[in-house]
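The values are calculated or read from the model by the stated rules, or taken from the named source; none is laboratory data. Every value quoted in this text rests on a predicted model; they were computed, and no experiment measured them. When we count neighbours, we look across all protein chains shown, and the Cβ atoms used for this are built from the backbone with ideal geometry, even at glycine. Calculation scope for accessible area: heavy atoms of the full protein, side chains included, ligands and nucleic acids excluded. Shrake-Rupley method; radii C 1.70, N 1.55, O 1.52, S 1.80 Å.
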Amino acid sequence: MAVLDLVQGVRRLLIAFALLAAAGPPGRAADTWPTRPVRWIVPYVAGGSTDITARLLAPGLSADLGQPVLVENRPGAAGNLGTEVVVNAAPDGHTILFATVANAINDSLYTNLPFALERDLAPVSLLTKLPNVVDVNPDLPITSIAGLIEYARAHPGKLNFGSGGTGTSIHLSGELFKTLAHVDMVHVPYRGAAVALADLMAGQIQLLFDNLPGSIEQIRSGRVRGLAVTSATRSPAMPDLPTVAEAGVPGYEATAWFGVSVPAKTPATVVARLNRAVVQVLAQPAVLQRLSALGSVPTPGTPAEMAAFVHGEIAKWAKVIAEAHVTPP
């Protein structure tokens, strides 16, 4: 009987060891990620700067990860619909978000969101930063930021500045300018920045805060006059344009930014693997050249660095929204 018990005990041990071997070491499931195609949710329509950037990076990510990274456009509600798709996805790394500055803005602009950015999404890495640009109609007697401030103060409430919509980063770039420069200008929202740019060239509005890629050709052709970029440093795409800060508004910075986030509770090993892939792709010369042509500056980093950056962005734009009394469209 004792021998039989010993044999059965050994058998149970062997089965246990076999099960452990099959399961692999802790984290193995995450280490083998991805096991199927990865959905990259872009919460905006095809053809915009978010979509263009995602489709530029997706082939490199696919090659690095060994599985297709499929860009999926899920527009609506200022980016909130697509974001919610990722928030509600399984936290296994197979559904990821193309995060933008709009996520930080929406966190305080919309008070009834069914999710919270920092609670329900985990940062992976920033991708790029994209400066906005201050454009004026060339018929105006304004050739600099200092001249714009002087003109606006001499004509309070007379300058109309356009944007691609209420609550967008380019709208809030204008509101931040009003606050820091102590000027009174009237916001005119449009259904997209392209429509606003057309009205600027036609003289229907006098001023526009726009993403640099949207205006760069019109600036070069002289159809609009670029005064400054809104980033902390000059843009390599237009190095002759000063920053708003150096041109007369100290402390001013307002950039569009893109990043990658995943559902909260995604395994740390998956986040680390995706982070390595993002950093590797953003170091490729062909990718760097294309991003530079778009006016984008690659800004990859660690998940912790993105978390700290996003936290600061939420606080920054919440203050602007409160001071300017901005409400959802």
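Could you run through segment 274-329 and say how many residues are open to solvent by less than 30 Å² (accessible area, probe 1.4 Å), part of a loop (DSSP other than H, G, I, E, B) and within 30 Å of Thr32 (Cβ to Cβ)?
Qualifying residue count, segment 274-329: 2.
Across segment 145-167, what is the number of residues that are open to solvent by 10 Å² or more (accessible area, probe 1.4 Å), over 26 Å from the mean Cα position of the chain (by Cα) and not basic (Lys, Arg)?
Number satisfying all stated conditions: 10.
Would it be correct to say that Ile170 is open to solvent by less than 20 Å² (accessible area, probe 1.4 Å), more than 17 Å from Val244 (Cβ to Cβ) and touching a Phe, Trp or Tyr at 6+ places or on another chain (Cβ under 9 Å)? If you could, list the steps in order and put the result at the bottom.
Values: open to solvent by less than 20 Å² (accessible area, probe 1.4 Å): yes; more than 17 Å from Val244 (Cβ to Cβ): no; touching a Phe, Trp or Tyr at 6+ places or on another chain (Cβ under 9 Å): yes.
No, not satisfied.
Here are some conditions: (1) part of a helix (DSSP H, G or I); (2) open to solvent by 10 Å² or more (accessible area, probe 1.4 Å); (3) in contact with a strand residue (DSSP E or B) (Cβ under 9 Å, 6 or more places away or on another chain). Leu200 meets all but one. Which one does it not meet?
Status for Leu200: all satisfied but (2).
Can you name every residue in segment 39-80 that is more than 19 Å from Trp257 (Cβ to Cβ), open to solvent by less than 30 Å² (accessible area, probe 1.4 Å) and modelled with pLDDT under 90?
Once the filter is applied, which keeps residues that are more than 19 Å from Trp257 (Cβ to Cβ), open to solvent by less than 30 Å² (accessible area, probe 1.4 Å) and modelled with pLDDT under 90, segment 39-80 yields only Gly76.
Is one or more of the residues making up segment 237-248 part of a strand (DSSP E or B), modelled with pLDDT of 95 or more and open to solvent by less than 10 Å² (accessible area, probe 1.4 Å)?
The answer is yes, given that some residue of segment 237-248 is part of a strand (DSSP E or B), modelled with pLDDT of 95 or more and open to solvent by less than 10 Å² (accessible area, probe 1.4 Å).
Working carefully through the options Leu130, Leu117, find the one that is of a type in the set (A, V, I, L, M, F, W, C), at pLDDT below 95 and crowded, with 17+ Cβ neighbours inside 10 Å.
Being of a type in the set (A, V, I, L, M, F, W, C), at pLDDT below 95 and crowded, with 17+ Cβ neighbours inside 10 Å holds for just one of Leu130, Leu117, which is Leu130.
Could you tell me which of the residues Val224, Val244, Val260, Val281 is in contact (Cβ under 8 Å) with a residue 40 or more places away in the chain, touching a strand residue (DSSP E or B) at 6+ places or on another chain (Cβ under 7 Å), of a type outside the set (S, T, N, Q) and closer than 15 Å to Thr299 by Cβ?
Answer to the selection: Val260.
Taking the conditions exactly as written (more than 14 Å from the chain's Cα centre (by Cα), among the small types (Gly, Ala, Ser) and at pLDDT below 95), does Ala315 satisfy them or not?
Against the criterion (more than 14 Å from the chain's Cα centre (by Cα), among the small types (Gly, Ala, Ser) and at pLDDT below 95), Ala315 does not qualify.
Return the pairs, sorted by first residue and then second, in which the second residue is among the hydroxyl-bearing types (Ser, Thr, Tyr), the first residue lies in segment 133-159 and is under 16 Å from Gly203 (Cβ atoms), the beta carbons are less than 8 Å apart, and the residues are 6+ apart or on different chains.
Final answer for the pair search is Asp135/Ser215; Leu140/Tyr151; Pro141/Tyr151; Ile142/Tyr151; Leu159/Tyr151.
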